[in-house]
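The values are calculated or read from the model by the stated rules, or taken from the named source; none is laboratory data. Computed from a prediction, not measured in an experiment: that's the story for all the values here. Cβ sites come from the backbone with ideal geometry, for glycine too, and all protein chains shown count toward neighbours.
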Amino acid sequence: MDKLLLAGRIARTVRQAVPRMVVQGASVLGICEWVESEIARMGGKPAFPCNVSINEVGAHYTSPPSDATVVPDGALVKVDLGVHIDGFIADTAVTVSVGSEYEDMVRAVEIALERGVQAVRVGGKIGEVGPIVEKTIRSMGYKPIRNLTGHQIEQYTIHSGLSIPNVSGAETTGKFQPWSVYAIEPFATLPRAEGEVIEREPGNILHLMKLKRPKSEPQRGAYDEIYRRFRTLPFARRWVASIGEGVRGLLAEKALYEYPVLVEASGMPIAQAEHTVITTDRESIVTT
Ligand code: MN
Ligand code: MN
(Lines give C-alpha, C1' and ligand atoms only; values in the text may rest on other atoms or scores of the structure.)
(Ligands and ions follow the chains in the order given, each with its own letter.)
Protein backbone atom coordinates (compact mmCIF):
# COMPACT_ATOMS: atom_id res chain seq x y z
CA MET A 1 0.00 0.00 0.00
CA ASP A 2 2.80 2.44 0.90
CA LYS A 3 4.58 1.73 -2.37
CA LEU A 4 1.41 2.15 -4.43
CA LEU A 5 0.66 5.45 -2.72
CA LEU A 6 4.22 6.72 -3.17
CA ALA A 7 4.22 5.73 -6.86
CA GLY A 8 0.92 7.60 -7.19
CA ARG A 9 2.27 10.70 -5.49
CA ILE A 10 5.30 10.81 -7.78
CA ALA A 11 3.18 10.21 -10.89
CA ARG A 12 0.75 12.97 -9.90
CA THR A 13 3.54 15.48 -9.18
CA VAL A 14 5.23 14.83 -12.54
CA ARG A 15 1.92 14.91 -14.44
CA GLN A 16 1.00 18.24 -12.88
CA ALA A 17 4.30 19.71 -14.12
CA VAL A 18 3.84 18.37 -17.68
CA PRO A 19 1.68 21.18 -19.16
CA ARG A 20 4.42 23.80 -18.75
CA MET A 21 6.90 21.52 -20.59
CA VAL A 22 4.56 20.86 -23.52
CA VAL A 23 4.76 24.01 -25.60
CA GLN A 24 5.02 24.69 -29.31
CA GLY A 25 8.48 23.71 -30.59
CA ALA A 26 9.41 21.60 -27.53
CA SER A 27 11.42 18.47 -28.30
CA VAL A 28 9.41 15.27 -27.81
CA LEU A 29 12.58 13.43 -26.80
CA GLY A 30 13.25 16.22 -24.30
CA ILE A 31 9.76 15.78 -22.79
CA CYS A 32 10.24 11.99 -22.51
CA GLU A 33 13.65 12.32 -20.89
CA TRP A 34 12.49 15.06 -18.55
CA VAL A 35 9.50 13.00 -17.34
CA GLU A 36 11.62 9.89 -16.85
CA SER A 37 14.38 11.76 -14.98
CA GLU A 38 11.87 13.53 -12.71
CA ILE A 39 10.42 10.14 -11.78
CA ALA A 40 13.90 8.89 -10.87
CA ARG A 41 14.79 12.09 -9.01
CA MET A 42 11.75 11.58 -6.76
CA GLY A 43 12.73 8.00 -5.97
CA GLY A 44 10.59 6.06 -8.44
CA LYS A 45 11.28 4.18 -11.63
CA PRO A 46 9.35 4.59 -14.90
CA ALA A 47 6.79 1.74 -15.13
CA PHE A 48 6.97 2.24 -18.92
CA PRO A 49 8.57 4.79 -21.27
CA CYS A 50 6.93 8.20 -21.23
CA ASN A 51 4.38 8.23 -24.07
CA VAL A 52 3.98 11.49 -26.02
CA SER A 53 1.19 10.90 -28.51
CA ILE A 54 0.31 13.81 -30.78
CA ASN A 55 -3.06 14.51 -32.49
CA GLU A 56 -4.37 11.33 -34.22
CA VAL A 57 -1.81 9.20 -32.38
CA GLY A 58 -3.75 7.73 -29.47
CA ALA A 59 -1.06 5.85 -27.58
CA HIS A 60 2.30 4.09 -27.53
CA TYR A 61 4.55 6.70 -29.11
CA THR A 62 7.81 7.28 -27.30
CA SER A 63 10.90 8.84 -28.84
CA PRO A 64 13.49 6.71 -30.64
CA PRO A 65 17.13 7.40 -29.60
CA SER A 66 17.60 10.60 -31.61
CA ASP A 67 14.13 11.95 -32.23
CA ALA A 68 13.89 15.31 -34.03
CA THR A 69 10.10 15.52 -33.53
CA VAL A 70 8.89 18.75 -31.95
CA VAL A 71 5.46 19.73 -30.65
CA PRO A 72 3.65 21.45 -33.51
CA ASP A 73 1.37 24.45 -33.05
CA GLY A 74 -2.30 23.59 -32.74
CA ALA A 75 -1.49 20.12 -31.38
CA LEU A 76 -3.32 17.93 -28.95
CA VAL A 77 -0.56 16.23 -26.95
CA LYS A 78 -1.20 13.27 -24.68
CA VAL A 79 1.50 12.58 -22.11
CA ASP A 80 1.02 9.19 -20.45
CA LEU A 81 3.44 8.27 -17.68
CA GLY A 82 3.91 5.42 -15.24
CA VAL A 83 5.83 5.07 -11.99
CA HIS A 84 6.70 1.96 -10.05
CA ILE A 85 8.23 1.19 -6.68
CA ASP A 86 9.31 -2.47 -6.58
CA GLY A 87 6.73 -3.21 -9.27
CA PHE A 88 3.83 -1.39 -7.56
CA ILE A 89 2.52 0.86 -10.31
CA ALA A 90 0.78 4.19 -10.84
CA ASP A 91 -0.41 5.00 -14.38
CA THR A 92 -1.65 8.48 -15.29
CA ALA A 93 -2.10 10.72 -18.32
CA VAL A 94 -2.93 14.29 -19.24
CA THR A 95 -3.73 15.96 -22.56
CA VAL A 96 -2.29 19.37 -23.33
CA SER A 97 -3.91 21.56 -25.97
CA VAL A 98 -1.08 23.56 -27.55
CA GLY A 99 -3.16 26.33 -29.06
CA SER A 100 -5.54 23.71 -30.44
CA GLU A 101 -9.24 24.22 -30.91
CA TYR A 102 -10.00 21.09 -28.89
CA GLU A 103 -9.85 22.31 -25.32
CA ASP A 104 -13.47 21.20 -24.84
CA MET A 105 -12.53 17.68 -25.88
CA VAL A 106 -9.86 17.69 -23.15
CA ARG A 107 -12.50 18.82 -20.66
CA ALA A 108 -14.81 16.04 -21.85
CA VAL A 109 -12.28 13.28 -21.08
CA GLU A 110 -11.40 14.87 -17.76
CA ILE A 111 -15.02 14.95 -16.64
CA ALA A 112 -15.57 11.43 -18.00
CA LEU A 113 -12.53 10.31 -16.00
CA GLU A 114 -13.84 11.93 -12.82
CA ARG A 115 -17.19 10.17 -13.21
CA GLY A 116 -15.61 6.88 -14.26
CA VAL A 117 -13.36 6.91 -11.22
CA GLN A 118 -16.41 7.38 -8.96
CA ALA A 119 -17.81 4.12 -10.33
CA VAL A 120 -14.83 2.16 -9.00
CA ARG A 121 -16.39 0.78 -5.82
CA VAL A 122 -15.71 -2.61 -4.24
CA GLY A 123 -18.55 -4.86 -5.31
CA GLY A 124 -19.63 -2.47 -8.06
CA LYS A 125 -19.93 -3.79 -11.62
CA ILE A 126 -16.95 -3.14 -13.89
CA GLY A 127 -19.44 -2.81 -16.75
CA GLU A 128 -20.92 0.33 -15.17
CA VAL A 129 -17.89 2.43 -16.11
CA GLY A 130 -18.33 2.24 -19.90
CA PRO A 131 -21.86 3.69 -20.10
CA ILE A 132 -20.92 6.52 -17.70
CA VAL A 133 -17.81 7.41 -19.71
CA GLU A 134 -19.57 7.16 -23.07
CA LYS A 135 -22.59 9.18 -21.95
CA THR A 136 -20.38 11.95 -20.55
CA ILE A 137 -18.24 12.20 -23.68
CA ARG A 138 -21.24 12.13 -26.04
CA SER A 139 -23.20 14.67 -23.98
CA MET A 140 -20.32 17.10 -24.56
CA GLY A 141 -20.43 16.52 -28.31
CA TYR A 142 -17.57 14.05 -28.75
CA LYS A 143 -17.13 10.35 -29.42
CA PRO A 144 -15.35 7.79 -27.22
CA ILE A 145 -12.62 5.60 -28.74
CA ARG A 146 -14.28 2.21 -28.47
CA ASN A 147 -11.20 -0.01 -28.59
CA LEU A 148 -9.05 1.70 -25.99
CA THR A 149 -9.83 0.72 -22.42
CA GLY A 150 -8.85 1.00 -18.80
CA HIS A 151 -7.33 -2.04 -17.17
CA GLN A 152 -6.42 -3.82 -13.99
CA ILE A 153 -2.81 -3.53 -12.81
CA GLU A 154 -0.78 -6.09 -10.87
CA GLN A 155 2.76 -6.02 -9.50
CA TYR A 156 5.17 -5.68 -12.45
CA THR A 157 2.20 -6.08 -14.84
CA ILE A 158 0.71 -2.96 -16.37
CA HIS A 159 -2.21 -4.71 -18.13
CA SER A 160 -3.26 -7.69 -16.07
CA GLY A 161 -5.69 -8.98 -18.70
CA LEU A 162 -8.85 -7.41 -17.28
CA SER A 163 -10.06 -4.50 -19.45
CA ILE A 164 -12.42 -1.72 -18.37
CA PRO A 165 -14.32 -0.56 -21.48
CA ASN A 166 -15.07 3.10 -22.19
CA VAL A 167 -18.31 2.38 -24.03
CA SER A 168 -21.60 0.66 -23.27
CA GLY A 169 -22.54 -2.56 -24.96
CA ALA A 170 -19.18 -4.19 -24.34
CA GLU A 171 -19.73 -7.55 -22.68
CA THR A 172 -18.08 -6.96 -19.36
CA THR A 173 -18.78 -9.18 -16.41
CA GLY A 174 -17.23 -9.06 -12.99
CA LYS A 175 -17.06 -6.70 -10.08
CA PHE A 176 -14.39 -4.47 -8.61
CA GLN A 177 -12.49 -6.50 -6.03
CA PRO A 178 -10.99 -5.33 -2.72
CA TRP A 179 -7.21 -4.77 -2.56
CA SER A 180 -6.85 -4.28 -6.29
CA VAL A 181 -5.43 -1.66 -8.64
CA TYR A 182 -7.32 -0.26 -11.64
CA ALA A 183 -6.53 2.34 -14.29
CA ILE A 184 -9.44 4.31 -15.70
CA GLU A 185 -8.62 6.06 -18.97
CA PRO A 186 -11.25 7.54 -21.27
CA PHE A 187 -10.28 8.65 -24.79
CA ALA A 188 -12.37 10.93 -27.00
CA THR A 189 -12.29 12.12 -30.59
CA LEU A 190 -14.45 14.21 -32.91
CA PRO A 191 -18.06 13.08 -33.58
CA ARG A 192 -17.35 12.57 -37.31
CA ALA A 193 -14.36 10.32 -36.60
CA GLU A 194 -14.37 6.54 -36.82
CA GLY A 195 -13.91 6.35 -33.04
CA GLU A 196 -11.45 3.52 -33.20
CA VAL A 197 -7.68 3.13 -33.22
CA ILE A 198 -5.70 0.99 -35.65
CA GLU A 199 -2.13 -0.25 -35.40
CA ARG A 200 0.57 1.65 -37.26
CA GLU A 201 4.24 0.65 -37.45
CA PRO A 202 5.96 -0.98 -34.47
CA GLY A 203 7.06 1.82 -32.19
CA ASN A 204 9.90 2.19 -29.76
CA ILE A 205 8.34 0.46 -26.78
CA LEU A 206 9.21 -3.18 -26.11
CA HIS A 207 8.65 -5.77 -23.44
CA LEU A 208 9.96 -9.20 -22.61
CA MET A 209 7.43 -11.82 -23.66
CA LYS A 210 9.19 -15.16 -23.39
CA LEU A 211 10.58 -15.72 -19.92
CA LYS A 212 13.15 -18.21 -21.13
CA ARG A 213 16.87 -17.47 -20.93
CA PRO A 214 18.43 -17.74 -24.42
CA LYS A 215 21.36 -20.16 -24.79
CA SER A 216 23.55 -18.04 -27.04
CA GLU A 217 25.13 -14.59 -26.89
CA PRO A 218 24.52 -11.74 -27.34
CA GLN A 219 20.84 -12.52 -26.69
CA ARG A 220 21.60 -14.10 -23.33
CA GLY A 221 23.36 -11.01 -21.98
CA ALA A 222 20.61 -8.75 -23.30
CA TYR A 223 17.93 -10.97 -21.76
CA ASP A 224 19.65 -10.89 -18.36
CA GLU A 225 20.00 -7.13 -18.41
CA ILE A 226 16.39 -6.55 -19.53
CA TYR A 227 15.00 -8.93 -16.91
CA ARG A 228 17.12 -7.35 -14.19
CA ARG A 229 16.17 -3.78 -15.11
CA PHE A 230 12.54 -4.12 -16.24
CA ARG A 231 11.27 -7.66 -15.61
CA THR A 232 8.18 -7.82 -17.84
CA LEU A 233 7.47 -4.07 -17.79
CA PRO A 234 7.63 -2.09 -21.05
CA PHE A 235 10.91 -0.29 -21.82
CA ALA A 236 12.18 2.08 -24.52
CA ARG A 237 14.54 1.14 -27.30
CA ARG A 238 16.58 4.23 -26.33
CA TRP A 239 17.08 2.77 -22.81
CA VAL A 240 18.87 -0.28 -24.20
CA ALA A 241 20.99 1.33 -26.92
CA SER A 242 24.18 -0.17 -25.42
CA ILE A 243 22.90 -3.74 -25.94
CA GLY A 244 21.40 -3.08 -29.38
CA GLU A 245 22.76 -6.22 -30.98
CA GLY A 246 21.33 -8.46 -28.27
CA VAL A 247 17.99 -6.66 -28.48
CA ARG A 248 17.88 -7.25 -32.24
CA GLY A 249 18.60 -10.92 -31.60
CA LEU A 250 15.77 -11.16 -29.06
CA LEU A 251 13.42 -9.42 -31.50
CA ALA A 252 14.35 -11.93 -34.22
CA GLU A 253 13.59 -14.76 -31.78
CA LYS A 254 10.23 -13.15 -30.93
CA ALA A 255 11.25 -12.99 -27.28
CA LEU A 256 10.35 -9.29 -27.23
CA TYR A 257 7.03 -7.66 -28.08
CA GLU A 258 7.08 -4.36 -29.99
CA TYR A 259 4.06 -2.20 -29.19
CA PRO A 260 2.60 -0.78 -32.40
CA VAL A 261 1.78 2.94 -32.43
CA LEU A 262 -2.02 3.30 -32.23
CA VAL A 263 -3.69 5.93 -34.43
CA GLU A 264 -7.28 7.04 -34.92
CA ALA A 265 -8.62 5.15 -37.95
CA SER A 266 -9.90 8.29 -39.69
CA GLY A 267 -6.92 10.44 -38.69
CA MET A 268 -8.86 12.56 -36.21
CA PRO A 269 -7.31 14.00 -33.01
CA ILE A 270 -7.66 12.14 -29.72
CA ALA A 271 -7.76 13.39 -26.11
CA GLN A 272 -7.07 11.17 -23.08
CA ALA A 273 -7.12 11.41 -19.30
CA GLU A 274 -6.12 8.72 -16.81
CA HIS A 275 -5.94 7.95 -13.11
CA THR A 276 -5.00 4.91 -11.06
CA VAL A 277 -7.44 3.81 -8.36
CA ILE A 278 -6.75 1.29 -5.60
CA THR A 279 -9.36 -0.45 -3.50
CA THR A 280 -9.13 -1.51 0.14
CA ASP A 281 -11.74 -3.73 1.75
CA ARG A 282 -14.16 -0.82 1.93
CA GLU A 283 -12.95 2.24 0.01
CA SER A 284 -11.40 3.43 -3.23
CA ILE A 285 -8.37 5.72 -3.31
CA VAL A 286 -7.22 7.63 -6.39
CA THR A 287 -3.44 7.38 -6.07
CA THR A 288 -2.61 9.74 -8.91
MN1 MN B 1 -1.31 5.18 -19.11
MN1 MN C 1 -3.22 2.72 -18.54
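For the reader, a short list of remarks on this structure follows.
- Residue that is modelled with the lowest pLDDT [pool: residues in segment 92-125 that are closer than 16 Å to K78 by Cβ and among the polar types (S, T, N, Q)]: S100
- A single entry from R41, R15 fulfils the requirement of being surrounded by fewer than 20 Cβ atoms within 10 Å (Cβ to Cβ), out of contact with any Pro (no Cβ under 9 Å at 6 or more places or on another chain), basic (K, R) and modelled with pLDDT of 95 or more: R41.
- Lone qualifier among T62, T95 - being surrounded by 19 or more Cβ atoms within 10 Å (Cβ to Cβ), within 16 Å of ligand 1 (Cβ to nearest atom), touching a residue at least 24 places away in the same chain (Cβ under 8 Å) and not in a loop (DSSP other than H, G, I, E, B): T95
- Matching residues in segment 146-161 - criterion: being within 12 Å of ligand 2 (Cβ to nearest atom) and assigned to a loop (DSSP other than H, G, I, E, B): L148, T149, I158, H159, S160
- Residue check, G174 at pLDDT below 95, surrounded by fewer than 17 Cβ atoms within 10 Å (Cβ to Cβ), within 16 Å of ligand 2 (Cβ to nearest atom) and of a type outside the set (S, T, Y): no
- Checked against (1) outside any helix (DSSP H, G or I); (2) within 13 Å of ligand 2 (Cβ to nearest atom), S100 passes all but condition (2).
- Residue check, A241 away from ligand 2 (no atom under 16 Å from the Cβ), of a type in the set (G, A, S), more than 20 Å from A108 (Cβ to Cβ) and in contact with a strand residue (DSSP E or B) (Cβ under 8 Å, 6 or more places away or on another chain): no
- Out of V117, V106, V98, sole residue that is touching a strand residue (DSSP E or B) at 6+ places or on another chain (Cβ under 6 Å) and closer than 23 Å to T172 by Cα: V117
- Of residues in segment 136-179 being charged (D, E, K, R) and within 25 Å of F48 (Cα to Cα), the one nearest to ligand 1 (Cβ to nearest atom): E154
- Candidate set: segment 68-92, residues that are surrounded by fewer than 19 Cβ atoms within 10 Å (Cβ to Cβ) and farther than 19 Å from Y142 by Cβ; chosen: the one nearest to ligand 1 (Cβ to nearest atom): G87
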